[in-house]
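Visitor: First, the structure itself, so that you have it in front of you.
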Amino acid sequence: MTEPIIKIEDLSIYYGEKRAINQVSMDFCNNEVTAIIGPSGCGKSTLLRSINRMNDFVVGLRNEGKVLYRDKNIYAEDIDESEIRRNIGMVFQKPNPFPKSIYDNITWGPKINGYKEDWEKLVEESLKRAALWDEVKDRLHSSALELSGGQQQRLCIARAIAMRPEVILMDEPCSALDPKATFKIEDLIHELKESYSILIVTHNMQQAARVSDRTAFFYLGDLIEYGPTKQIFELPKKDQTQDYIQGKFG
Amino acid sequence: MQNKTKFFDRSFHYALLVFVLTTLAVTLSVVVVLLNESSGFFAHVNLLDFLFGTKWTPLLEPKSFGILPLICGTFMIVIGAIAFALPVGLAIAIYLSEFASYNSRKRIKPILEVLAGIPTIVYGFFALTFITPLLKNIFPEIQIFNALSGALVVGIMILPMVASLCDDGFRALPPSLREGAYGLGAKPYEVIRHILLPASTSRIAATLILAISRAIGETMAVTLAAGATPNLSFNFLDSIQTMTAYIVQVSLGDTPANSIEYQSSYAVGLVLFIMTFFMNVIGNLVLAKKPLEAM
Ligand SMILES: Nc1ncnc2c1ncn2[C@@H]1O[C@H](COP(=O)(O)OP(=O)(O)O)[C@@H](O)[C@H]1O
Ligand SMILES: [Mg+2]
């Protein structure tokens, strides 16, 4: 394992009285893809959103424990959550480009965060990295909403990349896409791994096996098993993991 | 059993149809009455003199029926009311949808609804006994009846509607739009300014149009606050008369039916009807657009 970039220490997350994440401790490594798998409702999204403080917006949600990014607790008093989100980007389940042009979708984030850039270059680079450039280079100023679902999702990845984050969180990024678009995104994840640490939530076990270096299996808010993807899929240590991977429940 | 349900369904269907048809019939007869009575008026007064005349003195000799002063009065009320209600209403809506906790929202929304339910005559007294004296402190030369007070009170009256519709507009936006923006490290101000407001322009435009059409139609409060002096001066400190206020004046006065003064109120009513009708049509057309299409 390379140096961990995010460490979760004894984290519990409550929605009101209900506990959705149960005293979880785990590390995420730099420049690796970590997959989070588990049946629907087991707390995957809740955990992922706690890593860039997107849970701040949920009324009645409460955290216990720590999330450390580069050894600083992101829930400490003196932390600016905007800065956290600049460094830890997010791609959502449903593609959610802004109702603006493709170009503006890329530049908006860096602009409001006060980046000074060669904007043309940033747009080109981000779109190239997201494997979208060739498809849209002739219509950068048309609306992002005219793109197909798969293209929109790659635009959202480009938008996240344009912020030059260290970590990218992806919450079931392919669940709204057809198989072809899904393969494109998976290829992309392979390439992005060189430059970013990626945490991907997926309910699709083949996808986890294909794209990730490590896999964490959650069940009812508990971290059941966490290890190298190959080991989790071939030699799981826990019966529950085995059962889930063999499709006995979920 | 089957037949009974069927019979019930049928009767229910027809009962509803009767209500719909009644509403349509009432609307139609209003239009017919307006047209009929105004035709008497236009037999005596040239249409162009009516539409472009700058003097409205129907009850004084020499009589003059130029509707522009009334339209001017109406527009002063509309402009003043919107200038107040739109920014304040937007601010309330932004607060409600983006900043208010669930609990304060639960308290503020009903207050808005109560405000919307107060009879307009009460607002008129409020303007006369509270707003005007207040304004007199700022503008000592202001008249007892003045357009400014009328405009402000109409602004206050339409504020709940503006705030509520804008709030609905913001809440109709998909939450994923906000998440995408905050996920890039944006601050609430930037999300509102660059994402939520542009994505709601069609909603806000529709709200604006409905608000204008309510302000045009408002009667009692304006009559009470702004007076009954047709005036083409654009001076907000002076008394004015709006189209609706004129219609009230004629209905309450002792002008004999079929006299030209009496009929003139129908001609004014017809103009009013056409204006608000088009406003509502445009408003609904804009509102029918999906929230995200506007950008
Ligand atoms: N906003 C919320 N309010 C209350 N409970 C929630 C909320 N979001 C999720 N939950 C609950 O928390 C649990 C975990 O949800 P989630 O993290 O979305 O699961 P997953 O992403 O693994 O499907 C579920 O039982 C869900 O019902
Ligand atoms: Mg989820």
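Conditions (1) at pLDDT 95 or above; (2) within 16 Å of ligand 1 (Cβ to nearest atom); (3) under 13 Å from the mean Cα position of the chain (by Cα), marked per residue:
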position: A:Met163; (1), (2), (3): yes, no, no
position: A:Val167; (1), (2), (3): yes, no, yes
position: A:Leu177; (1), (2), (3): no, no, no
position: A:Thr182; (1), (2), (3): no, no, no
position: A:Asn204; (1), (2), (3): no, yes, no
position: A:Phe218; (1), (2), (3): yes, yes, no
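Visitor: In the stretch B:201-234, how many are within 12 Å of another protein chain (Cβ to nearest Cβ) and closer than 30 Å to B:Gln249 by Cβ?
Guide: Total meeting the criteria: 0.
Visitor: Might you let me know whether the stretch A:2-18 holds any residue that is among the charged types (D, E, K, R), within 9 Å of ligand 1 (Cβ to nearest atom), more than 26 Å from A:Glu194 (Cβ to Cβ) and away from chain B (no Cβ under 14 Å)?
Guide: Yes, because at least one residue in the stretch A:2-18 is among the charged types (D, E, K, R), within 9 Å of ligand 1 (Cβ to nearest atom), more than 26 Å from A:Glu194 (Cβ to Cβ) and away from chain B (no Cβ under 14 Å).
Visitor: A:Ala160: of a type outside the set (Val, Ile, Thr), touching a residue at least 60 places away in the same chain (Cβ under 8 Å) and in contact with a Phe, Trp or Tyr (Cβ under 6 Å, 6 or more places away or on another chain), yes or no?
Guide: no
Visitor: Restricting to the stretch B:162-182, and then to whatever is of a type in the set (A, V, I, L, M) and more than 9 Å from every other protein chain (Cβ to nearest Cβ), can you tell me which residue is nearest to B:Ile111 (Cα to Cα)?
Guide: Among residues in the stretch B:162-182 that are of a type in the set (A, V, I, L, M) and more than 9 Å from every other protein chain (Cβ to nearest Cβ), the one nearest to B:Ile111 (Cα to Cα) is B:Ala163.
Visitor: Report the residue count in the stretch B:183-200 for those that are facing chain A (nearest Cβ under 7 Å) and either of a type outside the set (Gly, Ala, Ser) or in a loop (DSSP other than H, G, I, E, B) (or both).
Guide: 8
Visitor: For a quick check of your reading: which helices (runs of 4 or more DSSP H) sit entirely within the stretch B:65-157 and have at least 1 residues that are within 14 Å of chain A (Cβ to nearest Cβ) and either surrounded by fewer than 22 Cβ atoms within 10 Å (Cβ to Cβ) or modelled with pLDDT of 95 or more (or both)?
Guide: Answer list for the stretch B:65-157: B:102-117.
Visitor: Please count how many residues of the stretch A:54-86 are within 13 Å of ligand 1 (Cβ to nearest atom) and more than 19 Å from the chain's Cα centre (by Cα).
Guide: 4
Visitor: Considering every residue within the stretch A:117-139, establish whether at least one is in contact with a Ser or Thr (Cβ under 6 Å, 6 or more places away or on another chain), at pLDDT 95 or above and crowded, with 19+ Cβ neighbours inside 10 Å.
Guide: no
Visitor: Considering the stretch A:54-84 alone, what residues qualify as being in contact with a helix residue (DSSP H, G or I) (Cβ under 7 Å, 6 or more places away or on another chain) and buried (at least 16 other Cβ atoms within 10 Å of the Cβ)?
Guide: A:Met54, A:Asn55, A:Leu61, A:Asn63, A:Val67, A:Tyr69, A:Ile74, A:Glu81
Visitor: Follow-up. Residue check, A:Ile84 against (1) farther than 24 Å from B:Ser97 by Cα; (2) within 16 Å of ligand 2 (Cβ to nearest atom); (3) free of Cβ contacts under 8 Å to residues at least 60 places away in the same chain, all met but one. Which one?
Guide: The failed condition is (2).
The values are calculated or read from the model by the stated rules, or taken from the named source; none is laboratory data. Predicted, not measured: the structure shown is a model, and the values here were computed from it. Counting neighbours? That spans all protein chains shown, and the Cβs are built from the backbone with ideal geometry, glycine included.
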